[in-house]
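Report on the structure given below.
Each reported figure results from applying straightforward, stated rules to the coordinates on display, with no laboratory input. Remember, it's a predicted structure, so these values are computed and weren't measured experimentally. Backbone-built Cβ (ideal geometry, glycine too); neighbour counts: all protein chains shown.
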Amino acid sequence: MATYDYDLYVIGGGSGGVRAARMSAGFGARVALAESYRLGGTCVIRGCVPKKLLVYASHFAEEFEDAAGYGWTVGARSFSWPALIAAKDREIARLEGVYRGLLEKAGVTIHVGQARLLDAHTVEVAGQRHTAAHILIATGGRPQVPAMPGAELGFTSNEAFHLPELPRRVAILGGGYIAVEFAGIFNGLGSEVVLAYRGPEFLRGFDDDVRHFLHAEIEKKGVRVLLNAPPLAIARRADGALDLALGGQPPQAVDAVMFATGRVPNTQGLGLEPAGVALTASGAVRVDAASRSSVPHIYAVGDVTQRIALTPVAIREGAAVAATLYGGKPATADHADVPTAVFSQPPVGTVGLTEAQAVARYGTVEAYQTDFRAMKHTLSGRQERTLMKLIVDAATQRVVGAHMVGADAPEIIQGIGIAVKAGLTKADFDATVGIHPTAAEEFVTLREKKVVRSAA
Ligand code: NDP
């Protein structure tokens, strides 16, 4: 039998790769991990974590305003972008250290540098060759910028976390998670924000009521939303500002343009295809349910596989690979009913099917919906509203989807997600006593039903 330097070689030190490496080492495997940038990956270094810190920061503006309705007089206030970025950077550096410590404690060898496959068992990093029985590709993804004149004048989420200053006027292009999250961040921090999306409504794939409701709430907060407005070109004006040309709209004068136009898998230059690893048409590693590529001893997890681009999913996939290879327990990650949140302002929480998806799958569904002004805003005077919606399969009465737009939606939907995952019925929801006074209690008191049948 061939002998290798390592049992497992992991390429990529993000959420999926680190989990697989640690767990495999814990099972006794000899593991190495290569990372070319910083340990922690997109989520920790330039994604979920710094993004959420910026969301917290931007929320204070409203908190100061809302305090007045409760008798507070808040004195003069000012905001320092450099101070926020420096504080965020300190926290990210701390977390990176935590990741390094966890890997080292588990006995994982860390190699710094860009890795590529020389053949199906050999990885080269920083001029050194390493062989391994198994290889895990966990290289994540990166922002994609459409080809258009002046595209180089814009920035992406990678740079957003290190802008030298807060832009006074910023246009955000795109209509996915990143676009609506950054629209809220910049708006809350005081920028004038225009969100330009090429389609008829942003957050394609989310429940239509959620999309329209969030649209209205975002506009109430002052974000200008332009729909059916594909980006065409960016040009620098003599005064230093930017002219953004959009389809169907007059040119927009802004100081900065952010591309939030999707992400692509990091598979270029890895030597995957010469090693026999098949890619999809969009360049992702093609894998089966066990995250195994077309080469049986090479696996891939996380964003590089373009399945569900969420950190907890990548972690599950990485854990399943480790359990399968070294834990004596063949495992697959479950991709059904994955709860997710958009940290927009207000945030969205969702689990299970949208109304349209449920109708397509079950034929007849019952939709329960309410929207209301949260108690906090009776005194704050803020006109923000909250939306809650349950989708029930009419035949079985199972709750197959739960959606919320409003304060704490991500926290609330995490709990509701357990009930949906467990296949509980509307009667089970109704049998649960609410916690009063909360917004969440509405999920167990929804009464007004709309029956929706498929047209077919
Ligand atoms: P998404 O894929 O969610 O959205 C990309 C957006 O860009 C879509 O609105 C898309 O439009 C638009 N777009 C794509 N190409 C072009 C183009 N050429 N011109 C104009 N618009 C374009 O990507 P994100 O980058 O926002 O996020 C990537 C993924 O990362 C998410 O899907 C999510 O899985 C994950 N993520 C999760 C977060 C969370 O959990 N809170 C936060 C951030 C990211 P269209 O709809 O028409 O295709």
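Structural remarks
- About its Cα centre, the dipole of the stretch 119-202 is roughly 40 debye, where the only charges are +1 on Lys and Arg Cβ and -1 on Asp and Glu Cβ.
- Cβ-placed point charges (K, R +1; D, E -1), dipole of the stretch 89-135 about Cα centre in debye, nearest 20: 80
- Among TRP72, TRP81, a tally of other beta-carbon atoms within 10 Å of each Cβ gives an order, fewest to most, of TRP72, TRP81.
- Nearest 10 degrees, 0 to 90: helix 48-67 Cα axis against the chain principal axis: 20
- With contacts taken as Cα pairs under 8 Å at a separation of at least 6 residues, the chain carries a relative contact order of 15 percent.
- Tensor-based shape of the chain (alpha-carbon gyration tensor, a/c under 1.5 rounded, otherwise prolate or oblate): oblate
- Once backbone amide H atoms are built at 1.01 Å from N, ARG142 has VAL264, ASN266 as its partners under 5 Å, excluding neighbours fewer than 5 places away on the same chain.
- Seen against the Cα atoms of the chain and their longest principal axis, helix 208-220 is set at about 70 degrees.
- Beta bridges by DSSP in the stretch 174-324, antiparallel share as percent, to the nearest 5: 75
- For peptides 281-294, 89-102, sequence by mean Cβ density within 10 Å, most packed first: 281-294, 89-102
- Counting other Cβ atoms within 10 Å as a rough exposure proxy, the listed residues ASP209, ASP239 run ASP239, ASP209 from fewest neighbours to most.
- Nearest-ten-degree value, helix 15-26 long axis tilted from longest Cα axis of the chain: 50
- Charge dipole magnitude, Cβ of K and R +1, D and E -1 - the chain, Cα centre, debye nearest 20: 400
- Lys/Arg +1, Asp/Glu -1 at C-beta; the stretch 135-209 dipole; positive extreme among LEU203, GLY175, GLY141: GLY141
- Helix content alone sets the calculated 222 nm mean residue ellipticity of the chain: runs of n ≥ 4 DSSP H residues at -39500 (n - 2.57) each, divided across all residues, give -9500 deg cm²/dmol.
- Pairs from LYS221/LYS376; LYS389/LYS426; LYS88/LYS220 whose Cα-Cα separation, in the structure shown, is over 20 Å: LYS88/LYS220
- Residues VAL451, VAL254, VAL405 arranged by fewest to most Cβ contacts within 10 Å: VAL451, VAL254, VAL405
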